[in-house]
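The values are calculated or read from the model by the stated rules, or taken from the named source; none is laboratory data. Since the model is a prediction, treat every value here as computed from it, not as a measurement. Here Cβ is always computed from backbone atoms with ideal geometry, including for glycine, and neighbour counts include all displayed protein chains. Calculation scope for accessible area: heavy atoms of the full protein, side chains included, ligands and nucleic acids excluded. Shrake-Rupley method; radii C 1.70, N 1.55, O 1.52, S 1.80 Å.
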Amino acid sequence: YIKDQGWPFAIFFDKNANRWAVGPHDTENREDSWSLMSERTSAFDITEAGEFRFWTDEASEVEVRCNDCNPKEVRSKESCSWQGECDKTTKMCVCKEGYFGDRCQHHGPCTELIMQVAFEGSRGTQNSGQHESFDLLYQEDDEPLMWLGFPVYSQKVSSRCMFFDGGRWNVIQLKSNIHSDVLDALGEFSRHDVLYISEHSNSGSPTNIVFRAMLAAEEGDDDVPNFLNIGRLGETEFNVVCADCYNGEEGISLCADGSGKGTSKNGICKPVKSEVHGPVNRCNCEPGFLGPLCHTRPAEGTIKLYLDHGSGHCEVCGEANDWSLWRLDGINQTCLSFPNGPVFFNGTNGTFARHLGLNLNMTHFSVFVSSNNATSEGNLCQLEDGTKEIFAFSRNMTLENQIEINKAVHLKNIESYYGDIIDPEGIDCNTETRVDPGICDSATNLQHAWLHLDMKVTPINKYE
């Protein structure tokens, strides 16, 4: 068997070893150049060859099966994943639109891959807040360009190419995005050309798969063939998502609504016209929600409350709770109390309350401090007697990313004092103990308290 794309490899039976082997087909000494070999077998059916091992005797994940579908079977569509028909002549699946793969098992191909964390050197697209995307490449007949049966993508500005090599998705540099030049580059590429590489995968799409930078190979690895040695990998993780949303009839990804649920019934997925791909579906996010699938909420991050009863030892609530800000979306929920109720200080004239409220609306983010000892949020985020706004900033900023906030609110046992905004380094706790959030909801006998805001807010210009 000869591989028709990529490295010139063949699968052949080595009669001297009584094993099936994988090696280059363009050499006279094929039996001495194998890279994978099966267990000993007398079967001439390669699908019965059993486990394949590398020349180093390490086990591999190689699986060989016949791609032929059987058009005579009553349930022939089942062998094509119910998404295609088995061709009687070629015994290959002919997939219906929106599916591909030797068994029509993959949905797509995706037309646009958007980076969540940009590869080094990638450039951001104007006003989108997303880093440069990878677009599906097409042949001259407008059919998707495929390599080893998988789609090929490129970045226009940086001329980088993303493709599947049979085990991993790779990113290499191209001279041009012309499909003939791309195929030439793929046919000649080696591991030395790879800029970024994914984890092992058999998925038809590189979405939700971690990529890392390909670094130089370790010293002393010169004897390891290139097809085995992927070198050292960088620590930073990169990933992409598919921008094609599902509208109930076609598409791939689900748009998230304000509840955080991905569904095709929320009406967010809309048909649009792409200059590159023609008619496609894209998420039209609710105000304040960002990202190709609307997964970035208007407010994200963590908030922690430090309580000091006068000893310098602090009880800490909310640490590592990524759900603290979930409800604060600026539309359905504009005011969030944290903790859930007021906290009480011992002042010179007795006990008094302080109630903290985080306010997010369509124009601003702000922090309110109230002397109201009611436990409900009520009018907590409104300027009235006994309530002061001690911190605010406009969301109307020309930024491509979320607005980062890393500040702390300081409260103390002086009744006329409604708090200051300080840097987190000003939180004065000698020791700390993490406690149940319920303890903080109505804490008493306080001398000091700090509310640490480590969060991000989406700017308004993102969705105008």
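List of remarks:
- Checking each residue in segment 335-346 for being at pLDDT below 90 and either among the small types (Gly, Ala, Ser) or touching a helix residue (DSSP H, G or I) at 6+ places or on another chain (Cβ under 7 Å) (or both) picks out PRO339, GLY341.
- Complete set of residues in segment 398-421 that are hydrophobic (A, V, I, L, M, F, W, C) and exposed (fewer than 13 other Cβ atoms within 10 Å of the Cβ): ILE414
- Options GLU389, GLU404: the member that is closer than 24 Å to GLY301 by Cα and in contact with a Phe, Trp or Tyr (Cβ under 8 Å, 6 or more places away or on another chain): GLU389
- Residue, farthest from the chain's Cα centre (by Cα), within segment 267-293, restricted to residues that are modelled with pLDDT under 90 and on the phi > 0 side of the Ramachandran plot: GLY267
- Scan of segment 143-166 for residues that are on the phi < 0 side of the Ramachandran plot and not in a strand (DSSP E or B), ordered by number: GLU143, LEU145, VAL152, LYS156, VAL157, SER158, ASP165
- Condition check for PRO424: touching an Asp or Glu at 6+ places or on another chain (Cβ under 6 Å) and either farther than 22 Å from GLY258 by Cα or loosely packed, with under 14 Cβ neighbours inside 10 Å (or both): no
- Among the conditions (1) assigned to a loop (DSSP other than H, G, I, E, B); (2) surrounded by 13 or more Cβ atoms within 10 Å (Cβ to Cβ), the only one that LEU453 does not satisfy is (1).
- If you go through segment 428-446 and keep only what is buried (at least 16 other Cβ atoms within 10 Å of the Cβ), part of a loop (DSSP other than H, G, I, E, B) and either basic (Lys, Arg) or in contact with a His (Cβ under 8 Å, 6 or more places away or on another chain) (or both), you end up with just CYS429.
- A search for C-beta distances below 8 Å between a residue of segment 50-61 that is closer than 18 Å to ASN18 by Cα and in a loop (DSSP other than H, G, I, E, B) and any residue that is modelled with pLDDT of 80 or more and open to solvent by 80 Å² or more (accessible area, probe 1.4 Å), counting only pairs 6+ apart in sequence or on different chains, returns GLY50/GLU39; GLU51/GLU39.
- Candidate set: segment 141-155, residues that are among the aromatic types (Phe, Trp, Tyr) and either without any contact (Cβ under 8 Å) to a residue 40 or more places away in the chain or open to solvent by 10 Å² or more (accessible area, probe 1.4 Å) (or both); chosen: the one farthest from PRO109 (Cα to Cα): TRP147
- Counting only strands (runs of 3 or more DSSP E) that fall entirely inside segment 300-360 and contain at least 1 residues that are without any contact (Cβ under 8 Å) to a residue 24 or more places away in the chain and surrounded by fewer than 16 Cβ atoms within 10 Å (Cβ to Cβ), the qualifying elements are 350-360.
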